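S.K.: Below you'll find the structure I mean.
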Amino acid sequence: MYNFNKIEKKWQEFWRKNKTYKVFEDSKKEKFYVLDMFPYPSGSGLSVGHPLGYIASDIYARYKTLKGFNVLHPMGYDSFGLPTEHYAIQTGIHPAIATFENTKRYRIQLDKIGFSYDWDREIQTSDPKYYKWTQWIFKQLFNSFFCKKTQKARDISELTAYFIKQGNHTLDAVCSEETPIFSASEWQKYSEVDKQKILLNYRLAFLSETWVNWCEKLGTVLANDEVKDGFSERGSYPVEQKLMQQWSLRITAYADRLLDGLKVLDWSTSIKEIQRNWIGKSVGANILFSVLKYNKNIKVFTTRPDTIFGVNFLVLAPEHPLCNVITIKSQKKDVKQYIDEIKLKSEKERKSEVKKITGVFTGSYAEHPITSKKIPIWIGDYVVSNYGTGAIMAVPCGDQRDWNFAQHFNIKKINVFKDVDISESANENDDIVIQNSDFLNNLSSSEAIEKVIAVLKEKGSGERAVTYRIRDAVFSRQRYWGEPFPVYYKNELPYLLEDNEVLELPEISEYLPTSSGEPPLARAKREQWKKFQGDRMEFNVMPGWAGSSWYFLRYMDPQNDVEFVNKQKVNYWKQVDLYIGGAEHAVGHLLYSRFWTKFLFDKGLIPFEEPFKKMINQGMILGRSNFVYKLKESNTFVSFDKKDKYETIRLHVDINLVENDFLNIEKFKKWRPENSSARFILNNDNKYLCSYEIEKMSKSKYNIHTPDILVEKFGADTLRLYEMFLGPIEQFKPWDSQGISGVHNFLKKFWKLIHNDKNEFFISESPPQKNELKNIHKTIKKVEEDIQRYSFNTVVSTLMICLNQLIEKKCNKRDIITDFTILLSPYTPHIAEEVWQKLGHKESITKSSFPKVNTKYLIDKNITYPVSFNGKKRFTIDVSSEASKEDIENIIMQYEKTIQYLNGNSPKKVIIVPNKIINFVV
RNA sequence: GCCCGGGUGGUGGAAUUGGUAGACACGUUGGACUUAAAAUCCAAUGAACAUUGCGUUCGUACGGGUUCAAGUCCCGUCCCGGGUACCA
């Protein structure tokens, strides 16, 4: 009997005792880094969905090890975060304790599945030994600015040196908008406080008063990627805009590099597309329109400066500061009413009314920078304040929204496109020729853009401009369970703690915000901070993504107490070669860690600027919920196939009470007290049939499958094999326990093939036959190709086919079984180790090597396709010299129809010549 | 609206470059073994028609097209999933 429980226990102990999966830097071996997105250790443990990616990465890691690579394959926990803090608020249990308990449980669950992690490299982001270095990286960000010329982060000391010499007139660095311009002598005269304030405007980690996404219910601010449609991603609570002093990271400085870097990444097109959209780069021009009679300028951003002669009006966003300034007296009332109306509308309402056209005329006019014509200035809510300049030049002929606005308010539309009809709609195509445009006439769009920008620049009323959608990342959270900032305040200005030791989270009595609305850390008394300095400490903590933005580096050198990572080690391991995880982090973690990696690269701390070379996003495993039908106002349940005759209520039923969609009535009665008296209307087979539906797994739907139960029932190897067999790794798919017996049988069959009736290992020592070798080598090739293209599901089928053939031919020859066992081992490490030992090996199977394909046995794969059909009625097919008679017959069959068509008859003759070219003479 | 995926039996899915569609597995049905059940093994299983065996026709969301040959390529339509949005 295949006793998986015994086998798995034995080998898990063996691996632990022998530290089988421990890895060291080894310059003689080529490295390979396989990484999983580390989990957040929640209180509910792992479900079958979590290990899907871990199993795939483990298979790949084991495969690479067998191929002779030195494989880094670590695991850890992203252990700072909200749920643990909420749990602490509710129970008073310190988050560190809850985290400890949860990670312990995760570890037990993970160990049962038999992963090849080097657990000596485990990290936890909430461990002071770890977040010491998260704080250290924050300090590096604080001490850096972004030089536009070199497109690189540089040390802030270079900046002060520059200010002393020449002020900031000529400086080309990224800074906050409100930064004043000053000369060297002015800089010298500034007070220390003023100097610090100015420097803060340049730092990559900076403090500023900004509009942030405030979530009242969560009591904290959220980053843009944590907000969806005006609601928090976690918990779906309403989010509002609030002006607050917050730490931000200047990710916008890296926008271009983050965009460019995508080109070299082997990621899915969809994730790259999401990042591209998120960064949202638009190239165009900023153009100044002067407002007549008001001595003010309106700056607009446009991607189509070539349509400047088609401008019929300007539109300001209702929030635009000039709205009130330039409105003429007679329009003041209307404008005020309109702006007030817009203010009242929530973000959501404004979005849902997208198609409704609203606006109001200011009564003022601007001067066209080229034609000097009078252009009316409107206010409209289809222009948003937080993109571009918050004002647009409206070109009805070239933009549908402008067209609609013009149509609605009966504004004239100039057509600047040759041979285009704009009476029904605008033309948004840029593959056109310009007309009615003075010096731009007869130019193409791209030519006109160049020309008009040159003209505008000369006049001083416009220049080339690039706009991004991405905003700087808010880095403060008003929480407790996160990294404290290594920052204190003096005169309300932030300063870094000087030494490089960790600033630990102080103990506090309660994890709630204070009554005055300050973050929980404000509760910490002076003496509870181990390194209190200045007037007060920073009360905010860092967001969840701080620790996860660089964790892949720490695995290389997890114990290092003097550096965040040793240089030689990072030079050896370099980038993550294969990263597996969910696609939900597309604009969060995956963008931030790219940003941090680029920054650390700029500082010369690591030798690469993209963290994850290849990424695979595993699809979610959905649950298969079962339902029972309860009669209305009665405790009677009716079988699904009979329910149409009754009025029923559909209820979720725990999937553990159901087998093959049939309800176990005994278990059901015990499930809940009120069920004990339940009565049933059964179907014709005297069974109770449940209906089912595919949904997300959740506690409330009673459809969670835990790996633990399955491991107990079928073994870890079956679970691993089955999760892979389920379908392509990237696809969303429902979990269906019914199919698990198929892969379980496969393992049982394998066991039976090499054991006799008395469960003794029995294997034939006679050399394998040629067709047996053909079978195994075809399998080796296919398995290897499939693993290399991450097609983990087809590997399982291939192995099943191979085994079926081995059983059919009663082939259990030593060489064949050895190769087969190695092929199987990444998927089923436990049973493979067991068989490996029985084959007489002392070392772990991971120390062996992946079998080499002998192409001698692979004939039919070498067949190539037609090379010629010449006029002499001879149809030639090139066939490998190793093709068998059988193969050639197959080819002939394949082409017979073709030849029949060409000739009207079957081929007269088939000639097979010695070099195996088949000639059909027709 | 725009961008990116996808649509194949009762189910999950295979078909990697255009070359025998439905591999592999689940489920179902029938059979063997058994007092019986479980387990195991064998057979059938896209649909329709024909069944004495051979077989015939249709079939990869729908409608066209290219090709000797289309699930695969091209055009149009519908549906599903994901992203994104008055982004100027």
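S.K.: Taking every pair of distinct Cα atoms and averaging 1/r, then inverting, what Kirkwood hydrodynamic radius in Å comes out for segment A:611-695?
M.R.: Numbers: mean 1/r = 0.0702 Å⁻¹.
Over segment A:611-695, the inverse of the mean reciprocal pair distance is 14.2 Å.
S.K.: Same structure again: With a probe of 1.4 Å, find how much accessible area segment A:160-317 has per residue, and write the answer as a whole number in Å². Could the numbers behind the result be given before it?
M.R.: Values: 7350 Å² over 158 residues.
Counting only protein heavy atoms, the per-residue value for segment A:160-317 is 47 Å².
S.K.: If the viscosity is 0.890 mPa s and the temperature 25 °C, what translational diffusion coefficient in µm²/s does Stokes-Einstein give for segment A:657-733 when Rh comes from Kirkwood over Cα pairs?
M.R.: Values: Rh = 15.2 Å.
Using the Kirkwood radius from Cα pairs, D works out to 161 µm²/s.
S.K.: Need one number: the % of Cα-Cα pairs in segment A:93-183 sitting beyond the 16 Å mark.
M.R.: Working: 2903 of 4095 pairs.
Summing the P(r) tail past 16 Å for segment A:93-183 gives 71 percent.
S.K.: On to the next question. Ignoring everything but the protein chains, give the 1.4 Å probe accessible area of residue A:42 in square angstrom, nearest 10.
M.R.: Approximately 30 Å² of residue A:42 is accessible to the 1.4 Å probe.
S.K.: Taking Cα pairs under 8 Å and at least six residues apart, what relative contact order does segment A:533-638 come out at, in percent?
M.R.: Details: 101 pairs, mean separation 26.5, N = 106.
About 25 percent, as a whole number.
S.K.: Right, here's the next one. Using a 1.4 angstrom probe on the protein heavy atoms only, could you order A:644, A:402, A:438 from most to least accessible area? Can you show the working numbers first?
M.R.: Values: A:644 135, A:402 10, A:438 105 Å².
Ranking A:644, A:402, A:438 by accessible area, largest first, yields A:644, A:438, A:402.
S.K.: Return the sequence-ordered ³J(HN,Hα) values of segment A:150-164 in whole Hz as given by the Karplus equation 6.51 cos²θ - 1.76 cosθ + 1.60 applied to θ = phi - 60°, using x for Gly and Pro.
M.R.: 8, 6, 8, 6, 9, 6, 4, 5, 5, 6, 4, 4, 5, 4, 4
S.K.: Using a 1.4 Å probe, what is the accessible area per residue for segment A:1-75, in Å²? Show your work: numbers first, answer last.
M.R.: Details: 3110 Å² over 75 residues.
About 41 Å² of surface per residue is accessible.
S.K.: Also, I was wondering about something else. Could you sort A:393, A:697 by accessible area so the largest value comes first, with the probe set to 1.4 Å? Before the final figure, lay out each step's value.
M.R.: Details: A:393 10, A:697 40 Å².
Ranked list, largest accessible area first: A:697, A:393.
S.K.: Using only Cα atoms, locate the centre of segment A:1-66 and the centre of segment A:85-119, then give the distance between them in Å, rounded to an integer.
M.R.: 18
S.K.: Now for a different question. If a/c stays under 1.5 just call it rounded; otherwise compare a/b with b/c (prolate if a/b is bigger, oblate if not). Do that for chain A, with a ≥ b ≥ c from the square roots of the Cα gyration tensor eigenvalues.
M.R.: Values: a/c = 1.73, a/b = 1.44, b/c = 1.20.
Judged from the Cα gyration tensor, chain A comes out prolate (a/c at least 1.5, a/b above b/c).
S.K.: Could you give the accessible area per residue of segment A:687-817, probe 1.4 Å, as a whole number in Å²? Kindly include the intermediate steps, with their values, before the conclusion.
M.R.: Details: 6270 Å² over 131 residues.
Per residue, segment A:687-817 has an accessible area of 48 Å².
S.K.: Rounded, prolate or oblate: which one fits segment A:779-838, using the alpha carbon gyration tensor with axes a ≥ b ≥ c (rounded when a/c is under 1.5, else prolate when a/b beats b/c, else oblate)? Provide the component values of the computation, followed by the final result.
M.R.: Working: a/c = 2.09, a/b = 1.28, b/c = 1.63.
Taking the square roots of the gyration eigenvalues as a ≥ b ≥ c, segment A:779-838 is oblate.
S.K.: State the antiparallel share, in %, of DSSP beta bridges confined to chain A, rounding to the nearest 5.
M.R.: Numbers: 87 of 109 bridges.
Within chain A, antiparallel bridges account for around 80 percent of the total.
S.K.: Still on this structure, please answer the following. Keeping all protein chains in the complex and leaving out DNA, RNA and ligands, what accessible area do you get for residue A:662 with a 1.4 Å probe, in Å² to the nearest 10?
M.R.: About 70 Å², rounded to the nearest 10.
S.K.: Now, a different point. With a 1.4 Å probe and every protein chain left in place, tell me how much accessible area residue A:154 has, in Å² to the nearest 10.
M.R.: Surface open to solvent at residue A:154 totals about 80 Å².
S.K.: Additional query: Once a ≥ b ≥ c are taken as the square roots of the eigenvalues of the Cα gyration tensor of segment A:58-100, is the result rounded (a/c under 1.5), prolate (a/b larger than b/c) or oblate (a/b not larger than b/c)?
M.R.: Details: a/c = 5.89, a/b = 4.94, b/c = 1.19.
Verdict is prolate for segment A:58-100.
S.K.: When the convex hull of the C-alpha atoms of segment A:471-627 is computed, what volume per residue in Å³ does it have?
M.R.: Numbers: hull volume 31.8 nm³, N = 157.
So the per-residue Cα hull volume is 203 Å³.
S.K.: Relative to the first principal axis of the alpha-carbon coordinates of chain A, what is the inclination of helix A:82-91, with its axis defined by its Cα atoms, in degrees from 0 to 90 and to the nearest 10?
M.R.: Relative to chain A, helix A:82-91 is tipped by roughly 90 degrees.
S.K.: So, with +1 on the Cβ of K and R and -1 on the Cβ of D and E, and no other charges, what is the size of the charge dipole of chain A about its Cα centre, to the nearest 20 debye? Numbers along the way, then the final one.
M.R.: Numbers: 132 positive and 116 negative charges, 308 e Å.
Using Cβ point charges on Lys, Arg, Asp and Glu, chain A gives about 1480 debye.
S.K.: OK, next. Leaving out ligands, DNA and RNA, and with a 1.4 Å probe, what % of the accessible surface on chain A is carbon or sulfur?
M.R.: Details: 21690 of 43800 Å².
The nonpolar share, carbon plus sulfur, comes to 50 percent.
S.K.: If you don't mind, there's one more thing I want to ask. Of all the Cα-Cα pairs you can form in segment A:226-366, what percent are over 19 Å apart?
M.R.: Working: 7011 of 9870 pairs.
Summing the P(r) of segment A:226-366 above 19 Å gives 71 percent of all pairs.
S.K.: Taking θ = phi - 60°, what integer Hz values does the Karplus form 6.51 cos²θ - 1.76 cosθ + 1.60 yield along segment A:736-749, in sequence order, with x for Gly and Pro?
M.R.: So the Karplus estimates, Gly and Pro as x, are 9, 5, 4, x, 4, 5, x, 6, 5, 4, 4, 5, 5, 5 Hz.
S.K.: Students often check this: by mean Cβ neighbours within 10 Å, which of A:117-128, A:528-539 ranks highest, and how do the rest follow?
M.R.: On the way: A:117-128: 19.4, A:528-539: 16.3.
Going by the mean number of other Cβ atoms within 10 Å, highest first, we get A:117-128, A:528-539.
S.K.: So what is the relative contact order of chain A, in percent, for Cα pairs below 8 Å that sit 6 or more residues apart? Numbers along the way, then the final one.
M.R.: Numbers: 1611 pairs, mean separation 116.6, N = 922.
Once normalised by length, the contact order is 13 percent.
S.K.: Just in segment A:549-623: which GluC sites (Glu not before Pro) are loop by DSSP and have at most 14 other Cβ atoms within 10 Å? All intermediate terms of the calculation are to be shown ahead of the outcome.
M.R.: On the way: sites: A:563, A:584, A:609; in loops: A:563, A:609.
Listed in order of number, the matching sites are A:563.
The values are calculated or read from the model by the stated rules, or taken from the named source; none is laboratory data. Just so it is clear, the model here is predicted, and its values are computed rather than measured. Neighbour counts are summed over all protein chains in view; Cβ atoms, including those assigned to glycine, are modelled from backbone coordinates with ideal geometry. Calculation scope for accessible area: heavy atoms of the full protein, side chains included, ligands and nucleic acids excluded. Shrake-Rupley method; radii C 1.70, N 1.55, O 1.52, S 1.80 Å.
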